[in-house]
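Colleague: Structure below; questions to follow.
Where a number appears in this text, it was derived from the coordinates with a stated rule and is not lab data. The model shown is predicted, which means the values in this text are computed figures rather than measured ones. All Cβ positions, glycine included, derive from the backbone under ideal geometry; neighbour counts span all protein chains shown.
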There are 4 protein chains.
Amino acid sequence: MKTIKPLREKKNTAILLIHCPDKQGILATVTEFLNKNNGNIIYLGQHVDRVEKIFYMRVEWELKGFAIPTDKVGEYFETLIASKLQMNWKIYFSVSIPRMALFVSKMPHCLFDILARYTAGEWDVEIPVIISNHPTLEPVARRFGIDFELVKITAENKREQEQKEIELMKKHKIDFIVLARYMQILSEEFVKNFPNKIINIHHSFLPAFAGAKPYHAAHARGVKIIGATSHYVTSELDAGPIIEQGVTRCSHLDKVENLIRKGRDLEKIVLSNAVYKHLQRKILVYKNRTVVFN
Amino acid sequence: MKTIKPLREKKNTAILLIHCPDKQGILATVTEFLNKNNGNIIYLGQHVDRVEKIFYMRVEWELKGFAIPTDKVGEYFETLIASKLQMNWKIYFSVSIPRMALFVSKMPHCLFDILARYTAGEWDVEIPVIISNHPTLEPVARRFGIDFELVKITAENKREQEQKEIELMKKHKIDFIVLARYMQILSEEFVKNFPNKIINIHHSFLPAFAGAKPYHAAHARGVKIIGATSHYVTSELDAGPIIEQGVTRCSHLDKVENLIRKGRDLEKIVLSNAVYKHLQRKILVYKNRTVVFN
Amino acid sequence: MKTIKPLREKKNTAILLIHCPDKQGILATVTEFLNKNNGNIIYLGQHVDRVEKIFYMRVEWELKGFAIPTDKVGEYFETLIASKLQMNWKIYFSVSIPRMALFVSKMPHCLFDILARYTAGEWDVEIPVIISNHPTLEPVARRFGIDFELVKITAENKREQEQKEIELMKKHKIDFIVLARYMQILSEEFVKNFPNKIINIHHSFLPAFAGAKPYHAAHARGVKIIGATSHYVTSELDAGPIIEQGVTRCSHLDKVENLIRKGRDLEKIVLSNAVYKHLQRKILVYKNRTVVFN
Amino acid sequence: MKTIKPLREKKNTAILLIHCPDKQGILATVTEFLNKNNGNIIYLGQHVDRVEKIFYMRVEWELKGFAIPTDKVGEYFETLIASKLQMNWKIYFSVSIPRMALFVSKMPHCLFDILARYTAGEWDVEIPVIISNHPTLEPVARRFGIDFELVKITAENKREQEQKEIELMKKHKIDFIVLARYMQILSEEFVKNFPNKIINIHHSFLPAFAGAKPYHAAHARGVKIIGATSHYVTSELDAGPIIEQGVTRCSHLDKVENLIRKGRDLEKIVLSNAVYKHLQRKILVYKNRTVVFN
């Protein structure tokens, strides 16, 4: 159903995400490297954490006219720059469109929001497969023309079913996973396969109300604001690096049912914002915290 | 595609929306009327505008066991109560599901958001028809299984085409219209047919940036916050009673294109919130302002 | 220094706060009682918690012309209405200005915000005394012309010093206490003397980051939004009924020092909003949750 | 009354604010200049407006150990860098504390908020004088130990009184002016003397409701959100470059009086945020828009 995708001028850029111990001149070194090789910088974000003494940088430049061939850029950067500065870095190329898998259960609001953006061409992404532990949302997948794989999980078969999911990820060449209100806890083993590559939405303002039934807990505590939190999944439940959070006001008039209703809009917008930032290669993780470039 | 609609216990209630000149005892009079006839009140909102001296009320009660037959409730209320207190009132019954028409042009984000809620069963509404002046979104309508009517508008044919739209509204027994980023200005004549029954979303924080290209205007003015406004359409452009507004922060880094991107999420959430309130019969209009009950 | 207090027309009203088991006709009963005795209602807020089956109400009416003498209103209401409906109720009269004590330590921002409102005549309140465990803010108290009592607390003398504070509360006829960043934990015994009469501001979005150093904890967790929470103090630390919460966005660029800076504004506004609602007699507590009327 | 000012480690830094036509290598050129002269960069913010093709930068570095004497930094920078790149630049030194004048009328909330921050040592600023066209707030100035100058303005004497104000600015060596709800329109002539050096707070979400009585206008229009806008004053009323905006929700229940009450908190926080950014030398103006660095 990708019928309404707007034409967008394709960029041909490289994106570097870097962090390393801070010292004088790192920024000048990197920008000189790009300038000398005729790399026209179109985005540059950088800052230094004075407490941790870490330098962070995201730089994007046009590959057209760049002196170093695309398939050699990483090697040259490592040899000439990164290795000398103990850099931790990643490179991405805008021509390679990321492939995302969606994991869902029964609630459709996040799924619809993502598929609408996908269909409307808001994002540069491919979604080859939707995985679920329930058949409920199969019709939605079908109408949007996306493969739907039912992988039922029980306490007994979890290990083998997750193995099956990992195979599906490989088969579909998945770059990252989005848990769009997937109501299964992923095993530590599964998570290890996708470090900082699984984005979850938790329906509370973490770290408040981690775990099950956060809206019930929020109502019981009598909070005046509810929230939603998108984070990278780590082996510890609801404790991974936070990407984005959102909140909305509530009052004594809001029963649990109404918190759930209000929360749906929060969840879908917060999750989609996080996915957008991830797709833009604007997120860097350091010590369980994210740096999200503007 | 209404395949995933959850079962919800059907309510059988009546809803009264009232405004009238304030005087002592109105509230007691209405609640006594309901109590004496065994109407179990499940919602009551009321307040007095001390400046205008107007009394506003929304009351909802269960019809099961109510002494007055449903088809007589209005008549009895008018005779026994409303006529004596110069009340302006409307009654709605929860069993009658409102029928909504969607008007769209080329942008799909609001349409998708509404159809997702519809399909997910978030709202008690029927959407028998989508009308557009462009064929762009027909595939979306089709996939969601909703009639799509292409009504192309030009300066020359506007009068007759709007007449055709009015006929379509009648044919589909439409109760109210939602302009989901419909990029045509409706004529005064068309609007007159649907007083406080056409909900629009304008992509600015009204009254700032009324009219065309508000994001360009917002960028030119250098605002630090952008907004979206949902309102009932009146004959004066972007000047009808405001139902709901939302805002989001922006900065000097946001070019027009990015304001448009951020604005899409605002627009769809603000519009859907307004439609939800309308469907709940929680909105009352008085002198170009809305009262929106909790 | 109450030199700039604006003249405001004094109201002469009574305010009833009520909660009781729900049943048909409570609202009509109360409004009839007021109407028959010529009490002109100027505010009425009420709702029913359908889950707990509790009726909540706040009603304010003019005493001028009211048939029952002011000093008998409570007695009549109890006899004729409340006792029959198992009501839990409180009555307040607008002519009696509440007397508030401020407890502070070293940080002045909440103190200044409250004293500014007091001096500007924003609130109908008297502040006869400021109590502190540090001398730091004495000059502030002095300039605003308010008694400052230094009550140093140590682990050893806590019991007797709190007793001294209780004496000061009695001496100054204090109605309620505001902890304006008071950095001492009050004992259960002290708290018992002022049930739902001690308002605290906690510098986090409770229940996240209860206890000490919440901004450090928020930074360590990498949250994208920080908050502040005003609540009534109970014997359990940071667990009392929440009155008001506020939030503000932060990012990876915000070190702890900057969270503290941003948090100051949040804290003072959230605390002052809570105090304002309390002064307006708009807060009712039921089962560790607040009902805050509009 | 600067009795509670906390000791803060004094920084000895230089701050450069730059904008110029974009071309390759500007960033590298500037950072090399600082690195080679042993200037330890502690803040660097920069971006390029791709549409306008303008490069913006704010850089702050430690002067200790910097090879160029402080009083020569500007000259060297102009000669070696700026003149070659058509830069528009300004330099500030952290040791020179800005001197601010406050203009007020009758409303004290913004004044109190600023004086509280001043007294608490939140800001590195001197406030030698408060100017007003009314005597109302003189006691406030006095209690905070600041000179108060009454300069009454009428239609007839405006020219000469503004001249007197300009003299006062010179006498007190004022760097910038803050209009803390000053209810006089400054003449074009006065404004010309202080380009981008007069900060105003307007009590609406500009450009909506420019001019007089914005809360009345907001109420009449029935908006659901009110705002406040801080901007640099230019000769066109309420049309100068926007520094900061804030909003808060309202409803049909809020009469004008209540909008005014809610607005006070907005106004004071938005104004103080703008002043803080100005004091931090984080604001750059280009074509009636501000760039506000993080």
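Colleague: Take the alpha carbon atoms of the range A:30-102, find their center, do the same for the range D:195-218, and report the distance between the two centers in whole angstrom.
Modeller: Distance between centres, Cα-based: 44 Å.
Colleague: Shielding of C:20-30 by partners, i.e. mean partner chain Cβ atoms within 10 Å per residue? Walk me through the numbers before you get to the answer.
Modeller: Numbers: counts 0, 0, 1, 0, 7, 6, 2, 9, 11, 4, 2.
Mean inter-chain Cβ contacts per residue within 10 Å come to 4.
Colleague: Please go through the residue pairs C:K53/C:K90; D:K11/D:K36; D:K11/D:K287; C:K192/C:K262; B:K171/B:K277; B:K152/D:K224 and name each one whose alpha carbons sit more than 29 Å apart in this structure.
Modeller: Checking Cα-Cα distances, D:K11/D:K287; C:K192/C:K262; B:K152/D:K224 exceed 29 Å.
Colleague: If you don't mind, there's one more thing I want to ask. Taking the Cβ of C:V151 as the centre, find all other residues whose Cβ is under 15 Å away and add up their charges (Lys, Arg: +1; Asp, Glu: -1).
Modeller: Neighbour charge sum, excluding C:V151 itself: -1.
Colleague: Each label point is 7 Å from the Cα along the Cα-to-Cβ direction; what then is the distance between the points at D:D124 and C:N294, in nm?
Modeller: According to this spin-label approximation, the distance is 4.8 nm.
Colleague: Right, next: Normalised by the residues of the range D:99-292, what does the relative contact order come to in percent, with Cα pairs under 8 Å and at least six apart? Please report the intermediate quantities before stating the final value.
Modeller: Working: 341 pairs, mean separation 37.6, N = 194.
The value is 19 percent.
Colleague: Of all the residues in chain C, which one has the C-beta that comes nearest the axis relating C to D, and what is the distance in Å?
Modeller: Residue plus distance in Å, as requested: C:R143, 2.
Colleague: Ok, one more. So how strong a dipole does the range A:99-292 carry about its Cα centre when Lys and Arg Cβ are +1 and Asp and Glu Cβ are -1, to the nearest 20 debye?
Modeller: Values: 29 positive and 22 negative charges, 90 e Å.
About 440 debye.
Colleague: Before rounding to the nearest 500, sum -39500 (n - 2.57) across all DSSP H runs of length at least 4 in chain B and divide by the residue total; then give [θ] at 222 nm in deg cm²/dmol. Intermediate values should be presented prior to the final figure.
Modeller: Values: 8 runs with 88 residues, N = 294.
Rounded to the nearest 500, it is -9000 deg cm²/dmol.
Colleague: To the nearest 10 degrees, how steeply does helix D:26-36 sit against the main Cα axis of chain D, on a 0 to 90 scale?
Modeller: 70 degrees
Colleague: Just check chain A against the gyration tensor rule for me: Cα atoms, a ≥ b ≥ c as the square roots of the eigenvalues, rounded for a/c under 1.5, and otherwise prolate or oblate depending on whether a/b exceeds b/c.
Modeller: It is prolate, given that a/c is not under 1.5 and a/b is the larger ratio.
Colleague: I would also like to ask the following. Given label points at 7 Å from Cα along Cα→Cβ, what nm distances, shortest first, separate B:N288 from the same residue in every other copy?
Modeller: Shortest to longest, the spacings are 2.6, 5.1, 5.7 nm.
Colleague: Let me ask something else about it. According to a simple spin-label model (label point 7 Å from Cα along Cα-to-Cβ), what is the distance in nm between C:K287 and C:A220?
Modeller: 3.5 nm
Colleague: Which percentage, to the nearest 5, of the DSSP beta bridges contained in chain C is antiparallel?
Modeller: Beta bridges within chain C, antiparallel portion: roughly 70 percent.
Colleague: Under a point-charge model restricted to the Cβ atoms of Lys and Arg (+1) and Asp and Glu (-1), what is the dipole moment magnitude of the protein assembly as shown relative to its Cα centre, in debye to the nearest 20?
Modeller: Working: 172 positive and 128 negative charges, 0 e Å.
Dipole size: approximately 0 debye.
Colleague: Can you grab the distance from the C-alpha centre of the range A:130-167 to the C-alpha centre of the range A:246-271, Å, no decimals?
Modeller: 27 Å
Colleague: Starting from a label point 7 Å past Cα on the Cβ side, list the distances from A:T248 to the same position in the other copies, nm, shortest first.
Modeller: 1.4, 2.2, 2.5
Colleague: What ranking, highest mean first, results for peptides B:29-39, A:253-263 when packing means the other Cβ atoms within 10 Å averaged over each residue?
Modeller: Descending packing order for the listed peptides: B:29-39, A:253-263.
Colleague: Shifting gears a bit: Starting from the 7 Å offset along Cα-to-Cβ, what nm value, one decimal, do you get for the label separation of C:E78 and B:A212?
Modeller: 7.2 nm
Colleague: A follow-up question, please. Hey, if you put +1 on the Cβ of every Lys and Arg and -1 on every Asp and Glu Cβ in the range C:99-292, which of C:V178, C:V247, C:L102 ends up farthest toward the positive end of that dipole?
Modeller: The Cα lying farthest towards the positive end belongs to C:V247.
Colleague: If you don't mind, there's one more thing I want to ask. One decimal, nm, shortest first: give the distances between the label point of A:N193 and those of the same position in the other copies, each label point 7 Å from Cα along Cα→Cβ.
Modeller: Copy-to-copy label distances for A:N193: 5.8, 6.4, 7.4 nm.
Colleague: Okay, next question. Quick one: dipole size for the range D:197-251, taken about the Cα centre, charges +1 on Lys/Arg Cβ and -1 on Asp/Glu Cβ, in debye to the nearest 20.
Modeller: For this selection, approximately 220 debye.
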